[in-house]
Amino acid sequence: MPYDAMSDCAEEELLAAYAAGDAAAARALTARLAPRVLAHAYRMLGGDRAEAEDVTQEALLRLWRAAADWRSGEAKVSTWLYRVTANLCIDRMRRKSRAGPALDDIPEPEDDRPSAVQHMQQAARAEALQAALDELPERQRQAVILRHIEGLGNPEIAQIMDIGTRAVESLTARGKRTLEALLAGRRTELGYDGDD
Amino acid sequence: MPGAADDLSVFFEAARAEAPVPDGDFMARLTADALAEMPVPAARAPSPGFWMQVRSALGGWAGMTGLAAACAAGIWIGVNPPATLDAYWGDSTNLGEVGVDPLSGFELAMLEE
């Protein structure tokens, strides 16, 4: 199957083609999955890009090795991959117990050009959120990231985390409350009041 | 004043917009991993050649060896009959004497008609 024709294929079909030795499927799956895995690992690991890249490489390696025995219909590829990624991240976090940057350490915007200010403001907000996420217990952090940043539905998150949907709702609600409390004092500082 | 949920949605949007993008080198490394780990489809076994099929039909090497030995022995006995059989054959090579009639009276009668 040519690479261009693969943009509409489901990930499960691509994985089956990969398992049958289709190199174009290998490239298509890598291009599709790597950015999502990297972003998820990056957020779970407190914005540590090098660690996130290591986790991405390891998670995808596990997927390639599982491809030959993959049973279609059992699990979505992305669901399986989010679960593996989160587990790898949690293992690393527990091993290192490294604290994320403190909220007060986040640099202030310095450039005063409008677009640059806007960009810096957005980057500062993302960093502030990351720092606040790092303060959450790991399960709450995982649920909030999956629900509100990755945009997954509760049933899929429940599958990834191996819990019920009610538990997902509870984790995200508690996580958001903590985030609100952590970020409440920084709205003006991060330019929130000037947006509306 | 917007609610707390709106407050957070601004941060979530910022996080989405600032998502890390894998660079070319990293993607190349991941693709190389994927290709290196890709299962190789089982190669179809080539069909055996003519002599392989003959050998197999005759029972492998053991069958072939036995057949060759039997052929060689038959040819050797034909070319150089063992002396111990002379008593049976006698001095004559007339096959009729040993009861072997290659052409019976019946066949000769048929030829005459």
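Any read-out appearing in this document is the output of simple, stated calculations on the displayed coordinates, not a laboratory observation. In this text, all values refer to a predicted model and were calculated from it rather than measured experimentally. Don't worry about glycine lacking a Cβ; one is built from the backbone with ideal geometry, like all the others, and counts go over all protein chains shown.
A few remarks follow.
- Other protein chain Cβ atoms within 10 Å, averaged over every residue that makes up B:24-34: 6
- Across region A:147-152, coupling constants 3J(HN,Hα) worked out from phi with the 6.51/-1.76/1.60 Karplus curve, θ = phi - 60°, read 7, 9, 10, 6, x, 7 Hz, and Gly and Pro carry x.
- Per-residue average of Cβ from other chains inside 10 Å of A:32-45: 3
- Here the Karplus relation 6.51 cos²θ - 1.76 cosθ + 1.60, evaluated at θ = phi - 60°, turns the backbone of region A:72-78 into coupling constants of 5, x, 7, 8, 6, 4, 5 Hz, with x for every Gly and Pro.
- Value of D in µm² per second that Stokes-Einstein yields for region A:1-98, Kirkwood Rh from Cα pairs, at 20 °C (1.002 mPa s): 154 µm²/s
- Counts of other chain beta carbons within 10 angstrom of each beta carbon in peptide A:52-61 average 3.
- The 3J(HN,Hα) values that the Karplus relation (6.51, -1.76, 1.60; θ = phi - 60°) gives for region B:28-39 are, in residue order, 5, 5, 5, 5, 4, 4, 4, 5, 5, 8, 5, x Hz. Gly and Pro appear as x.
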